[in-house]
Amino acid sequence: MSNSQTLVEKLNASSGLGFLNQYKNLPDYILKNLNRKFAIREYQKEAIARFIYYLSDYPDKQIPYHLLFNMATGSGKTLLIASNILYLYELGYRNFIFFVNSVNIIEKTKANFLDKSSSKYLFAQKIIFNHNQVYINETDNFEGINQDNINILFTTVQGLHIKLNNPQENSITFEEFEDKKIVFLSDEAHHINALTKNLAKMTKKEKIQKASWEKTINKAFKSDNQNIMLEYTATIDLSNEAIRNKYKDKIICQYNLKEFRENKFSKDVKIIRSDLKIAERVLQAVILSQYKRKIAEKYKIPLKPVILIKSQKTIAQSEKAQKNFNEIITNLKNEDIEKIEKSDNNGIIKKAFDFFKAEKITYQNLIIELKEDFSEEKCIGVNSKDDSIQKQIKVNTLEEENNETRVIFTVNMLNEGWDVLNLYDIVRLYETRDSRYKKAGKTTMAEAQLIGRGARYYPFKTEQDQDIFKRKYDNEINNELRILEQLHYHSLNDSKYISELTDELEKTGIIPENEKRKIVTVSIKDKIKKTEFWQNGLIFYNQQKINNRKHIKSISDITKETIFKYKLRTNKTTEESAFKNGKKENKQEETKIKSVKLNKIEKHINRKALDKINFYQFYNLKQFFPNLNSIGQFLTSDNYLGEINIEISGLKEQLNNLANQDKYEIALNVFEKLSKKIETSATQYIGTKKFKEHSVCNTVDETKTSEILIGGEDKEFGRAMSKTKNDDLRLCLNKHDWYMYDENYGTSEEKHLIKFIHQAIENLEKKYDNIYLLRNEKIKIYKFENGKALKPDFILFLTEKNTNKPLSFQIFIEPKGTHLLETDKWKEDFLKQIQNECEISPYLLQTKEYKLIGLPFYNEQKTKKNFKKIFNKSLKIKSE
């Protein structure tokens, strides 16, 4: 690789070639010591893998280690910090300094790291390393502390500077950095780069002050080559040459807001501009917020949406805004609500009032609700660094059920370090702009940053197989739940300001650049709706069920891997001559293998080993083995540990006289491996083998309206098949009775599959009647072993001609882009299982035969030949 490449460019290349894959299998001491509530996402796994690789195997590492994680706002930097702490603990690091720029970030961070009762606590309830519990300890210095703990000093940059340069009793000193192996963790790290930046616009006093802070941090860090500096920020100014040069060999990963949004981890940002007066704009946001709450209640989602009302400059303005808000709510009248309804004839406000009417919520009902939900005690002002700790914690726990806050009033206090998921509306109270030379001013940039914070996704799901952390309804324009995936920014209808804000949001990646969307509708053809197939035909799919594990009565019912290997240490030294008579001479004693059942090791030894591993607590074992009656049964029964065979290799004399310590170490080793086998093999859900019949006309949507993003990588997506510019793919589906909908706007692979069926239709019609191809976006089938959902893109229906007992086929087909062939291989494996393992109700088979088949993936370039071969074989069609 070129020396001119930055560190992140080198790691991007290595990752792209698969060189980092082995590091992505994160060690258990990271995975099991984090709060399981917070699943590690792929981009976080990538960041941790790069960190492990850099410290362990990267050839050009620089000492002392100084690295920066450039991660988008809301992408989980704090969970990344926790993961890195656990990895460094394993490497022998015990002392950590967490420092930030702002006092208000410290209290919420302490809750994340120290308060086990907090909903945002990051670690497992018990942190275990080498079978010993490890505690997280807050400290003021690193003298005389327990070096078995994770010791963290929480401070601000300014506070650390003062403590180090004005040492007091029990305070940290520069000397402690010289021999303690200390890790510096800098959150919102861009603030410590004041000295590196161009200071031309700063006052002399500011220059001296900020330069001294940065010098203090660097002096402490460089006191010992074993110290480590890890910086975390979403905001790093790489357009500044000095910053760019400083960090070219330090940025280890970058995951920006654009990627975060495109991967569906953020809310979709919508700007509502209106000519309403400020008070009416505020009321509009209140009504929209209540609409979101009512939608959440309808679908049993525990959500309390919050509004942020932002003043421009002074605390006095914010306090006045809060007073005015309380008066608006207190004096709310029917005509106020009516005015808001009439302000929007075709947008989201109209949808809200349509919903209220459908749910029989009158103006008066709504006023009663708003007066209760937005009462004075449910509003909070956050405007000072001196706000109480209780207020800081309250504003950082807005998602919690017992926190009833609905409105926050602020100027600039929440622009950084605020972790909130249920912020759904931001109201801009002022109507001025501070742009210069056609560029957004500081105020607009700060507003864009605040919107980025509000765009964090509120996790929810209404179906078991949905990803709780991702947007689900981008293309479902009429789905009520789509509103819960949107953040609304309420502003005056000032086209210049909106243009500047939009440019800034596009620049940061919060909204897509030049995004083009179009709404498309497809309908079942009228001719299809008149057919016997549509009116009386059947469609089959299975169900997802909770795996109650009642059938599990032994270890082999969960995992078939019941043989483990263990090699004894011989505790002997062997001597070799390099060569003798041209042959290598080896006097090492020959090792033997002895097979032992685990339950034959003495019960007290097994119990001692078992007690070292949290997994084997009885309440946990009972979840996997519901028929287990006691730990004693687990240890001695032939159905449990009696099924585990251990192949022990060692010297003959060792195997004949196994020492108790050896037995203990063998048992401990096997128990650790076995716990992983049980955990990974057991599943919470299963897919039923029985495929139940459903009416076609009652299952398939007659009309589907979707909002489609066009102009992406696949140029075909969003284009009508009848109007595509690609001659090989163009087909007027409205003229072909076998395709059920009147059009297709899918990907190139979808269109290739349709063309494949089109070319096969003549041969199919020789043998089959009632041939229909359905583009499916609704029906899910569930993998038998783990209940994982698959929504096949197409379902092909056919009925065999000229048979005494009609045979109808239902064939699941999944066209797949090349980049997904390996990633989605589990789907193909499941499709191949269906024919041999599915079951259909016997009573249906009395008058008609049904056959369900899943075909391998269709890909025009990679798999078409094999697909065609299996397609023809399954339907007994002669190959051309």
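The values are calculated or read from the model by the stated rules, or taken from the named source; none is laboratory data. The structure presented is a predicted model; accordingly, all values stated were derived computationally and were not measured. Every residue, glycine among them, receives a Cβ derived from its backbone with ideal geometry; neighbour counts consider all protein chains shown. Surface accessibility is based on the protein's heavy atoms, side chains included, excluding ligands, DNA and RNA. Shrake-Rupley method; radii C 1.70, N 1.55, O 1.52, S 1.80 Å.
When averaged across all projection directions, what area in nm² does the alpha-carbon convex hull of the range 698-738 cover?
Hull-based average projected area comes out at 4.3 nm².
Return the FRET efficiency for the residue pair THR362, THR462: r is the Cβ-Cβ distance, R0 is 22 Å, and the value is rounded to the nearest 0.05.
Computed FRET efficiency for THR362 and THR462 comes out at 0.20.
Full extension from GLU762 to SER554: what is 0.36 nm times the residue separation minus their Cα-Cα distance, to one decimal in nm?
Value of the extension gain: 69.5 nm.
Would you mind checking the pairs LYS371/LYS461; LYS692/LYS848; LYS267/LYS310; LYS715/LYS751 and listing those with alpha carbons more than 18 angstrom apart?
Where the Cα-Cα span goes over 18 Å, the pairs concerned are LYS371/LYS461; LYS267/LYS310.
Measure off, as a whole percent, the carbon and sulfur share of the 1.4 Å-probe accessible area of the range 324-366, all protein chains present.
47 percent
Find how much the distance from PHE174 to LYS865 grows on full extension, using 0.36 nm per residue of separation minus their present alpha carbon separation; answer in nm with one decimal.
Difference between extended and current length: 241.8 nm.
List, largest first, the extents of the alpha carbons of the range 1-105 along their principal axes, each in whole Å.
43, 30, 30
Return the loop-located trypsin sites (Lys or Arg not before Pro) in the range 242-342 (DSSP other than H, G, I, E, B) with at most 13 other Cβ atoms within 10 Å of their own Cβ; answer none if there are none.
Listed in order of number, the matching sites are LYS277, LYS300, LYS313, LYS333.
Of all trypsin sites (Lys or Arg not before Pro) in the range 481-573, which ones are in loop regions per DSSP and have a Cβ with at most 12 other Cβ atoms within 10 Å?
The qualifying sites are LYS530, LYS550, LYS560, ARG569, LYS572.
For the range 629-676, what ratio Rg/Rh do Cα atoms give with a Kirkwood hydrodynamic radius?
That ratio is 1.02, to two decimals.
What are the semi-axes of the equivalent ellipsoid of the range 52-92, taken as the square roots of 5 times the eigenvalues of the Cα gyration tensor, listed largest first and rounded to whole Å?
The answer is 21, 14, 8 Å, longest axis first.
Run the 1.4 Å probe and let me know the accessible area of CYS253, rounded to the nearest 10 Å².
Per-residue accessible area (CYS253): approximately 10 Å².
D for the range 72-176, whole µm²/s, Stokes-Einstein with Kirkwood Rh over alpha-carbon pairs at 25 °C and 0.890 mPa s: what number?
166 µm²/s
Under the √(5λ) rule applied to the eigenvalues of the Cα gyration tensor, what semi-axes describe the equivalent ellipsoid of the range 756-796? Give them in Å, descending.
28, 11, 8
Given an 8 Å cut-off on Cα distances and at least 6 residues of separation, report the relative contact order of the range 9-99 as a percent.
35 percent
Could you state the orientation-averaged shadow area of the convex hull built on the Cα atoms of the range 604-689, in nm² to one decimal?
So the Cα hull casts an average projection of 7.0 nm².
Ranking request for peptides 680-686, 774-780, 237-243: highest mean number of other beta-carbon atoms within 10 Å first, then the rest in descending order.
774-780, 680-686, 237-243
Please find the FRET efficiency linking LYS350 to LYS270, where r is the Cβ-Cβ separation and R0 is fixed at 25 Å, and quote it to the nearest 0.05.
0.95
Once label points are set 7 Å from the Cα along Cα→Cβ at both LYS323 and LYS507, what is their separation, rounded to one decimal in nm?
3.7 nm
Return the whole-Å distance between the Cα centroid of the range 29-97 and the Cα centroid of the range 319-374.
47 Å
Run the numbers on the chain and let me know its relative contact order in percent, using alpha-carbon pairs under 8 Å that are six or more apart.
Across the chain, relative contact order equals 10 percent.
Give the Debye-formula value of log10 I(q)/I(0) at each listed q (0.16, 0.21, 0.23, 0.29 Å⁻¹), with one equal scatterer per alpha carbon of the range 1-61, two decimals each.
Debye output, listed in q order: -0.55, -0.85, -0.97, -1.33.
Can you pull the percent of the range 605-708's accessible area that's carbon plus sulfur, 1.4 Å probe, other chains left in place?
42 percent
Extending each Cα 7 Å along its Cβ direction at GLU849 and LEU114, get the distance between those two points in nm, one decimal.
7.3 nm
In whole angstrom, and with the biggest value first, how far do the Cα coordinates of the range 637-772 range along each principal axis?
83, 38, 32
With the cut-off at 1.5 for a/c, could you classify the range 459-561 from its C-alpha gyration tensor as rounded, prolate or oblate?
It is oblate, given that a/c is not under 1.5 and a/b is not larger than b/c.
Calculate the FRET efficiency for GLU143 and ASN240 from the Cβ-Cβ distance with a Förster distance of 41 Å, rounded to the nearest 0.05.
0.60
Relative contact order for the range 219-332: what percent, with Cα pairs under 8 Å and sequence separation of 6 or more?
13 percent
Could you state the number of Å between the C-alpha centres of the range 279-310 and the range 808-880?
46 Å
Divide, for the chain, the radius of gyration over alpha carbons by 2.2 N^0.38 Å, where N is the residue count.
1.11
Obtain the nm distance between the two label points defined at SER841 and LEU91 by a simple spin-label model: each point lies 7 Å from its Cα along the Cα-to-C-beta direction.
Label-label distance for SER841 and LEU91, simple model: 6.1 nm.
Between LYS825 and GLU377, what is 0.36 nm times their sequence separation minus the Cα-Cα distance? Round to one decimal in nm.
My answer for the length gained is 155.9 nm.
Restricting to the chain, what percent of DSSP beta bridges are antiparallel, rounded to 5?
Just about 40 percent of them are antiparallel.
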